[in-house]
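What follows is a single structure, written as structure tokens, with notes after it.
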Amino acid sequence: MNSHISLPDAATLETPDCPICESRRNAAFIEGEDDLGGNPGRFTFVTCTDCGLVYQSPRLTIDAIKPYYDEEYIAHRKKSNWGVLTSFYEWAMGKLDREKMAIVGKVADLGPGAKVLDVGCGAGSFLAMVRSRTGAKCTGVDFEDMSGQPWLEGVEYRHGTLCAQDFGDEKFDLITMWHFLEHDYEPRATLEACRNMLAPGGKLVIEVPRLDSLSFRIFGDRWPGLQAPQHTMLLDKAHLNTLLNVAGLRSTLHHSYGAFPAYFYFFLGSVFKVQKGKGLNFNSVIYPYFLGQVLTLPVFLFEKRLNLAMQTVVCEQA
Ligand SMILES: [Zn+2]
């Protein structure tokens, strides 16, 4: 828990329009807590009466959400200090990037002439792998400034939101968003910007948690995909497609899995059910995490054929 974060109030909350259709008519869907950070407050996700999208409203303003992305936030962890388990953690992170490479390798022909943009790149280890394996020119954008990592040499790092960047006429053969879109405060504008930055034949690859999945049905208001208050939308397959369409994009391929392991959501969901909003101490669950991973391996070997927790969509200009 971050001691600087207090209970949300009228000054830190806003009621956004529906990110897809801009309607303001909605009905309560589910309430979540900050199960990851353990900070106070209950956060409401609503269903848009007009298009059916599930999004958070009211939500914290962009300034008020920033403290939740503190240095403990998993995507922004720079290094770990778990003793002997550090090497397992590094293996898991490397595996995540290898899974991302496997997904994009099937849809984009990357080589030294190609240009790749990763939106919400975090510490940039995926781009470092793309660059070393393909020689492509790599650019990353993140609202946290994590440039300066040694592996980012040769990778262009831009700090801020995508829409605030000036790329001029630069076009990309591949744009990726790994668990970024569901955090975005202006997803439609971001997707429109991506659409306009795709080179002819270019692909946009997006991974997000999947609302219409088994893990949501099991964990409900403790589903890790809620990730209140950071997640601004909860996307099922249909509404992910609708959002793409209103931004001038069209899906050419949809997977009921992602690079991110579904096991992580089943483990976290189980912990959240027990903790009931008290937050997660990574150091105390790291051994159970790896033990559970080994014990459930036979199930998760088949996760790409099941609809457990994640989805990935490949799209192009409509
Ligand atoms: Zn709507």
- Query: Which condition does residue 188 not pass, out of (1) surrounded by fewer than 21 Cβ atoms within 10 Å (Cβ to Cβ); (2) touching a Pro at 6+ places or on another chain (Cβ under 7 Å); (3) within 26 Å of residue 272 (Cβ to Cβ), if it passes all the others?
  - Reply: (3)
- Message: Among the residues in the stretch 208-224, are any farther than 20 Å from residue 63 by Cα, of a type in the set (S, T, N, Q) and out of contact with any strand residue (DSSP E or B) (no Cβ under 6 Å at 6 or more places or on another chain)?
- Response: yes
- Message: Of the conditions (1) outside any loop (DSSP other than H, G, I, E, B); (2) surrounded by fewer than 21 Cβ atoms within 10 Å (Cβ to Cβ), residue 43 satisfies every one except a single condition; which number is it?
- Response: (2)
- Note on the structure: All conditions in (1) of a type in the set (A, V, I, L, M, F, W, C); (2) part of a strand (DSSP E or B); (3) modelled with pLDDT under 95 are true of residue 174 except (3)
- Any residue in the stretch 277-285 that is at pLDDT 90 or above and either under 10 Å from residue 35 (Cβ atoms) or small (Gly, Ala, Ser) (or both)? no
- Message: Can you list residue pairs whose Cβ atoms sit under 8 Å apart, with the first residue in the stretch 32-55 being more than 19 Å from residue 13 (Cβ to Cβ) and the second being of a type in the set (D, E, K, R)? Count only pairs 6 or more apart in sequence or on different chains.
- Response: 35/222; 38/278; 49/25; 50/25
- Message: Among the residues that make up the stretch 51-63, is at least one of them under 22 Å from residue 222 (Cβ atoms), of a type in the set (Gly, Ala, Ser), modelled with pLDDT of 95 or more and more than 16 Å from the ligand (Cβ to nearest atom)?
- Response: no
- Flag if residue 179 is in contact (Cβ under 8 Å) with a residue 40 or more places away in the chain and out of contact with any Cys (no Cβ under 7 Å at 6 or more places or on another chain): yes
- Query: Which members of the stretch 1-43 meet the condition of being within 16 Å of the ligand (Cβ to nearest atom), closer than 17 Å to residue 225 by Cβ and out of contact with any helix residue (DSSP H, G or I) (no Cβ under 6 Å at 6 or more places or on another chain)?
  - Reply: 29
- For residue 9, which of the numbered conditions (1) part of a strand (DSSP E or B); (2) without any contact (Cβ under 8 Å) to a residue 60 or more places away in the chain fails to hold? (1)
- Please work out which residue is nearest to residue 281 (Cα to Cα), limiting yourself to the stretch 19-35 and to residues that are assigned to a loop (DSSP other than H, G, I, E, B) and within 20 Å of the chain's Cα centre (by Cα). 35
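The values are calculated or read from the model by the stated rules, or taken from the named source; none is laboratory data. Bear in mind the structure is a predicted one, so any value in this text is a computation, not a measurement. With ideal geometry, Cβ positions are generated from the backbone for all residues, glycine too; neighbour counts draw on all protein chains shown.
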